[in-house]
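Chemist: The following block contains the structure, expressed as structure tokens.
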Amino acid sequence: MPLQPRAKSKATQENDSRILEAGIAEAHTVGLDRIALRAVVRRCNLTSGALYGRYEDADDFIASVWSERLRSPLLDFMSGAMGAMLGIEGAPTIATIAATVANPPKHLAIGLEALIVGRRNDVLGEEVRDDFATWCEKWGLDTKTDPAVRTLNVVALSTVLGAAVYGFAEPKLTDWNLVLAIMSAAIRETPDTAVTKAPIIGDELPNVEVSPGTGEPLRDALITATANVIGRAGYERATVSRIGRRAKLTGGAVYTRYDSKDDLIIDTLDTLLSGAVVGTSELTVHGVTAGDLGESVGKIYTLGVAPTRRPWRQFRLETYAAARTRKEPRAALRRIHAAGIVRYHDMLDGRSKMNDDMIRLVARGGQSIPLGLSLVESYETDLHDLNFHPFSSTLISLLRVASAGN
């Protein structure tokens with residue numbers, strides 16, 4: 001006969017709840033990677049024994065916060081968002097989902113951060129991976145689903161998750177209602193055609209990897225090492241000594257080029273994110289000049305899940321996770337966003353048959369959707385085999401029609 005766990009007393013249950021809610025409050029303020037059990041103890045006004053009797057360490061604690069407080073709100077929101085994007089009867093409206101993305105409640109914001117952290121934190125990841133995989137199977141994002149259907153489902157989820165993660169750097173944007181609406185319309189109007197292989201990224205972008213290219217060997221080595229360390233360990237756990245080892249330099253060598261770790265990280269962020277924007281710009285310009293912007297957008301989506309870019313994508317996700325609670329990466333990302341919108345105007349103005357307002361929305365989607373693709377690709381395999389071209393061609397057609405009507 002299996003052992004039955006002893007029922008918890010009312011006081012124990014109340015303390016459990018106080019501890020978990022204190023964990024939510026702490027995570028919302030400092031981020032999951034900076035949670036310390038002693039800080040949670042102070043918030044809930046209990047003895048340290050109350051926590052250490054329940055949890056082995058901070059990782060064990062945040063895994064419990066996920067399963068007890070974050071999982072259901074996040075997965076419920078994602079289900080509602082998928083219903084809205086796919087036009088399922090009874091689902092929330094696009095406007096409702098967009099408003100939530102622009103100003104998420106703290107449980108949802110931390111849940112999204114947990115998806116980023118869970119791909120590299122083994123303890124949290126054991127919970128997140130299983131839960132996310134089960135949810136993806138339910139909503140047709142796994143490899144068992146017909147590739148054409150799977151592609152559209154991946155686009156739907158990536159659009160919403162990307163907007164939410166983008167909001168870590170720029171909260172309360174009003175653009176998401178229109179971005180989600182046009183993406184939803186394109187998803188539902190994409191013809192059900194036979195799926196062919198994804199277009200190959202060719203001569204228009206020969207180097208799909210993101211590299212510094214500053215012309216300074218020491219700076220390039222440190223930037224590359226910083227991106228790799230942050231992608232593997234997270235923004236908070238990237239130490240100067242670890243970066244130095246990765247670059248095959250001493251920790252002291254870092255300070256011959258940078259005054260502080262923060263200066264190095266911000267330079268890495270500015271250099272690599274700006275460089276990646278330039279790379280995808282080449283695809284966009286190629287599409288404009290070749291007369292098939294839809295194909296280029298499809299290739300940009302393919303680039304967003306290319307295996308060779310995974311280390312870069314992990315670094316980028318980590319910078320957005322850090323931006324939720326840290327002002328330095330938030331400010332850097334905002335600079336990059338602003339420069340990116342200017343670049344979109346330069347590329348598309350007068351040649352794409354889109355007006356200024358539509359170009360701004362294209363820029364928002366172009367900046368945010370790759371974040372969502374990166375997050376989905378962290379858990380779901382073989383996304384690089386999907387053909388995004390039928391969807392992207394439909395999207396570009398709708399954008400031009402909408403632009404002409406304004």
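Chemist: Quick one: which of 399, 386, 395 is assigned by TED's automatic domain parsing to the domain that holds residue 305, buried (at least 20 other Cβ atoms within 10 Å of the Cβ) and closer than 19 Å to residue 309 by Cβ? Talk me through it step by step, then tell me what you get.
Modeler: Numbers: 399 fails: closer than 19 Å to residue 309 by Cβ; 395 fails: closer than 19 Å to residue 309 by Cβ.
Only one candidate passes the filter, namely 386.
Chemist: Mind counting the residues in the range 117-132 that are assigned to a helix (DSSP H, G or I) and touching an Asp or Glu at 6+ places or on another chain (Cβ under 7 Å)?
Modeler: Residues flagged as assigned to a helix (DSSP H, G or I) and touching an Asp or Glu at 6+ places or on another chain (Cβ under 7 Å) within the range 117-132 amount to 3.
Chemist: Then there's this: Is there a residue being more than 22 Å from residue 362 (Cα to Cα), hydrophobic (A, V, I, L, M, F, W, C), modelled with pLDDT of 90 or more and outside any helix (DSSP H, G or I) anywhere in the range 228-246?
Modeler: Checking the range 228-246: at least one residue is more than 22 Å from residue 362 (Cα to Cα), hydrophobic (A, V, I, L, M, F, W, C), modelled with pLDDT of 90 or more and outside any helix (DSSP H, G or I).
For (1) modelled with pLDDT of 95 or more; (2) over 14 Å from the mean Cα position of the chain (by Cα), each residue gets a yes or a no:
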{"residue": "306", "(1), (2)": "no, yes"}
{"residue": "311", "(1), (2)": "no, no"}
{"residue": "314", "(1), (2)": "no, no"}
{"residue": "318", "(1), (2)": "yes, no"}
{"residue": "329", "(1), (2)": "no, yes"}
{"residue": "333", "(1), (2)": "no, no"}
{"residue": "341", "(1), (2)": "no, yes"}
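Chemist: Under 6 Å between Cβ atoms, at least 6 apart or on separate chains: pull out the pairs that start in the range 76-99 with a residue that is part of a loop (DSSP other than H, G, I, E, B) and end on any residue that is among the basic types (Lys, Arg) and surrounded by fewer than 17 Cβ atoms within 10 Å (Cβ to Cβ).
Modeler: Partner pairs satisfying both residue conditions: 87/188.
Chemist: Between residues in the range 168-194 that are under 13 Å from residue 397 (Cβ atoms) and residues that are exposed (fewer than 15 other Cβ atoms within 10 Å of the Cβ) and hydroxyl-bearing (Ser, Thr, Tyr), which pairs lie under 9 Å by C-beta distance while being six or more apart or on different chains?
Modeler: 186/397; 189/397
Chemist: Need pairs with beta-carbon distance below 6 Å; first residue among the polar types (S, T, N, Q) and within the range 10-32, second not in a helix (DSSP H, G or I); sequence gap 6+ or separate chains.
Modeler: Correct list of pairs: empty, since none qualify.
The values are calculated or read from the model by the stated rules, or taken from the named source; none is laboratory data. On a predicted model such as this, the values are computed, not experimentally measured, just so you know. For neighbour counting, all protein chains shown are included, and Cβ atoms are generated from backbone atoms with ideal geometry for every residue, glycine included.
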